[in-house]
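Participant: Quick one: the structure is below, and I'll ask about it shortly.
The values are calculated or read from the model by the stated rules, or taken from the named source; none is laboratory data. What you see is a predicted model; the values in this text were computed from it and never measured. Backbone-built Cβ (ideal geometry, glycine too); neighbour counts: all protein chains shown. These accessible areas exclude ligands, DNA and RNA; they are computed on the full protein's heavy atoms, side chains included. Shrake-Rupley method; radii C 1.70, N 1.55, O 1.52, S 1.80 Å.
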Amino acid sequence: AKEDGRDNVKIFQPEMANQASRQFHYEQALRIAIQEQSPFVVVYQPKVDAKGTIVSLEALVRWHHSDGTVISPGQFIQVAEEANLIIELEKLVISRVIHQVALWRNKGLQPIPVAINLSGRHLLSRELYGFVSELLDQLQVPGEWLEFEVTEGVFVTDIVKCIEILTTLKQRNISIAIDDFGTGYSSLNYLKTLPVDVLKIDRTFVEDCAISREDGKICDTIISLAASLNLKTIAEGVETLQQFEFLRNLGCNEFQGFYFYRPMPLEDIEALLEQLPAK
Ligand code: C2E
Ligand code: CA
Ligand code: CA
Ligand code: CA
């Protein structure tokens with residue numbers, strides 16, 4: 001080949017080309033999967049109250065590849081954002097969840113709220129409200145069975161628009177949680193102006209809360225802050241009894257993590273919903 005005479009070209013260039021083409025193929029595969037829809041599977045992780053009773057669910061997406069592997073969202077959400085595919089992907093998840101809630105109601109199962117993760121871009125897009133609203137109307141699902149989890153980064157980009165959009169969602173009784181609370185560009189100022197319902201304490205603080213004075217204090221502060229603003233708190237990534245007891249004693253309202261339940265497929269969730277005490 002031509003490059004043979006130059007070491008740097010021979011070694012460097014093909015590698016670059018490989019990486020670019022790998023990225024291209026990955027995006028292409030993602031685009032096709034989103035069009036097909038069926039490669040994406042939604043699993044559900046229960047959230048519990050201080051007694052350990054399931055009170056709601058979080059929907060988490062998985063990509064089932066044709067070769068049999070299951071890809072976790074950590075590996076494709078960012079690619080979807082970069083390739084401008086995130087809104088399409090999230091619409092797919094929203095639609096799946098609302099259809100599922102409608103099915104559960106028709107089966108006579110005790111309905112509980114389902115939380116859906118939402119990117120900042122989608123939250124700020126003009127199409128979100130209409131899309132969600134139409135599905136809720138069409139399937140006769142009350143908005144109170146939906147919650148959106150958004151990360152605090154989006155509030156920095158356009159706080160006025162965030163307030164406006166969150167207010168319209170709240171008018172439909174959809175609740176709003178701030179996900180990964182404490183890890184972003186926190187400004188305590190936005191908390192008093194934003195119509196949010198829940199602060200979700202990030203796993204990084206929960207991890208060592210019972211053994212590190214600093215992390216314990218951070219959890220304590222978030223829980224007190226939330227209480228003083230009339231917001232609920234939920235701790236994510238609770239893996240041990242010690243973490244659960246520590247946070248419960250601080251007054252944390254809800255808990256989510258492997259100590260209680262892992263994200264589970266539909267059949268397992270339905271079995272759990274069937275056992276829920278009637279309200
Ligand atoms: P997240 O919203 O912070 O979701 C929690 C993640 O922590 C989930 O990972 C969940 O499986 C995992 N987790 C739950 N309990 C525990 C625990 O006790 N210990 C540990 N170590 N991990 C726990 P997953 O499903 O891989 O999701 C990763 C991230 O991908 C999510 O983080 C979320 O930001 C994003 N994501 C997932 N589904 C969607 C979606 O439908 N749309 C969007 N935009 N993002 C999504
Ligand atoms: Ca989340
Ligand atoms: Ca989270
Ligand atoms: Ca987190």
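Participant: Check VAL156, VAL101, VAL160 and return the single one that is more than 18 Å from LEU231 (Cα to Cα), touching a Phe, Trp or Tyr at 6+ places or on another chain (Cβ under 6 Å) and open to solvent by 10 Å² or more (accessible area, probe 1.4 Å).
Facilitator: Checking each option against the conditions leaves just VAL156.
Participant: Considering every residue within the stretch 82-93, establish whether at least one is within 22 Å of ALA271 (Cα to Cα), within 16 Å of ligand 3 (Cβ to nearest atom) and surrounded by 14 or more Cβ atoms within 10 Å (Cβ to Cβ). It would help to see each step written out before you state the result.
Facilitator: Residues of the stretch 82-93 within 22 Å of ALA271 (Cα to Cα): 93.
From what's left, within 16 Å of ligand 3 (Cβ to nearest atom): 93.
Of the ones still in play, those that are also surrounded by 14 or more Cβ atoms within 10 Å (Cβ to Cβ) are 93.
Within the stretch 82-93, one or more residues are within 22 Å of ALA271 (Cα to Cα), within 16 Å of ligand 3 (Cβ to nearest atom) and surrounded by 14 or more Cβ atoms within 10 Å (Cβ to Cβ).
Participant: Can you pull out the residues in the stretch 37-69 that are free of Cβ contacts under 8 Å to residues at least 24 places away in the same chain, at negative phi and not hydroxyl-bearing (Ser, Thr, Tyr)?
Facilitator: Passing the criteria: LYS51, ARG62, ASP67.
Participant: Among the residues of the stretch 254-279, count how many are in a loop (DSSP other than H, G, I, E, B) and away from ligand 2 (no atom under 16 Å from the Cβ). Show your work before the answer.
Facilitator: At the first step, the residues of the stretch 254-279 found to be in a loop (DSSP other than H, G, I, E, B) are 256-263, 265, 276-279.
Narrowing the set further to residues that are away from ligand 2 (no atom under 16 Å from the Cβ) leaves 259, 265, 276-279.
Qualifying residue count, the stretch 254-279: 6.
Participant: When the residues of the stretch 186-214 are filtered to those that are more than 16 Å from ligand 3 (Cβ to nearest atom) and among the hydroxyl-bearing types (Ser, Thr, Tyr), which remaining residue is surrounded by the most Cβ atoms within 10 Å (Cβ to Cβ)? Even if it seems obvious, please write down each step before you answer.
Facilitator: Step one: filter the stretch 186-214 for residues more than 16 Å from ligand 3 (Cβ to nearest atom), giving 187-195, 208, 210-214.
Subset that is among the hydroxyl-bearing types (Ser, Thr, Tyr): 187, 190, 193, 212.
Numbers: SER187: 11, TYR190: 17, THR193: 12, SER212: 12.
For the stretch 186-214, the residue satisfying everything is TYR190.
Participant: Identify the single condition in (1) in a helix (DSSP H, G or I); (2) modelled with pLDDT of 95 or more; (3) open to solvent by 10 Å² or more (accessible area, probe 1.4 Å) that LEU169 does not satisfy, given that it satisfies every other one.
Facilitator: Result: LEU169 fails condition (3) only.
Participant: Tell me which helices (runs of 4 or more DSSP H) are completely within the stretch 70-151 and hold 3 or more residues being charged (D, E, K, R), free of Cβ contacts under 8 Å to residues at least 12 places away in the same chain and over 22 Å from GLN256 (Cβ atoms), or say none if there are none.
Facilitator: On the way: elements: 77-82, 86-106, 120-124, 127-139.
In the stretch 70-151, no matching helices (runs of 4 or more DSSP H) lie anywhere.
Participant: State the number of residues belonging to the stretch 220-253 that are buried (at least 19 other Cβ atoms within 10 Å of the Cβ), of a type in the set (Gly, Ala, Ser) and within 15 Å of ligand 2 (Cβ to nearest atom).
Facilitator: Total meeting the criteria: 1.
Participant: OK, next. So how many residues does the stretch 246-279 have that are farther than 25 Å from VAL42 by Cα and modelled with pLDDT of 95 or more?
Facilitator: Residues flagged as farther than 25 Å from VAL42 by Cα and modelled with pLDDT of 95 or more within the stretch 246-279 amount to 8.
Participant: Quickly run through the stretch 177-199 and pick out the residues that are within 19 Å of GLN256 (Cα to Cα), within 14 Å of ligand 4 (Cβ to nearest atom) and either basic (Lys, Arg) or assigned to a loop (DSSP other than H, G, I, E, B) (or both).
Facilitator: GLY182, THR183 - these are the residues of the stretch 177-199 that are within 19 Å of GLN256 (Cα to Cα), within 14 Å of ligand 4 (Cβ to nearest atom) and either basic (Lys, Arg) or assigned to a loop (DSSP other than H, G, I, E, B) (or both).
Participant: Would you pick out the residues in the stretch 223-267 that are within 16 Å of ligand 1 (Cβ to nearest atom) and within 19 Å of SER175 (Cα to Cα)?
Facilitator: Taking the stretch 223-267 first, the residues within 16 Å of ligand 1 (Cβ to nearest atom) are 233-248, 252, 254-266.
Those that are within 16 Å of ligand 1 (Cβ to nearest atom) and within 19 Å of SER175 (Cα to Cα): THR233, ILE234, ALA235, GLU236, CYS252, GLU254, PHE255, GLN256.
Participant: ILE77: more than 16 Å from ligand 4 (Cβ to nearest atom) and either of a type in the set (Val, Ile, Thr) or surrounded by fewer than 17 Cβ atoms within 10 Å (Cβ to Cβ) (or both), yes or no?
Facilitator: Working: more than 16 Å from ligand 4 (Cβ to nearest atom): no; either of a type in the set (Val, Ile, Thr) or surrounded by fewer than 17 Cβ atoms within 10 Å (Cβ to Cβ) (or both): yes.
Considered against the rule, which asks whether it is more than 16 Å from ligand 4 (Cβ to nearest atom) and either of a type in the set (Val, Ile, Thr) or surrounded by fewer than 17 Cβ atoms within 10 Å (Cβ to Cβ) (or both), ILE77 comes out as no.
Participant: Being closer than 18 Å to VAL160 by Cβ and among the β-branched types (Val, Ile, Thr) is the filter; apply it to the stretch 182-219 and report the residue that is farthest from ligand 2 (Cβ to nearest atom).
Facilitator: THR193
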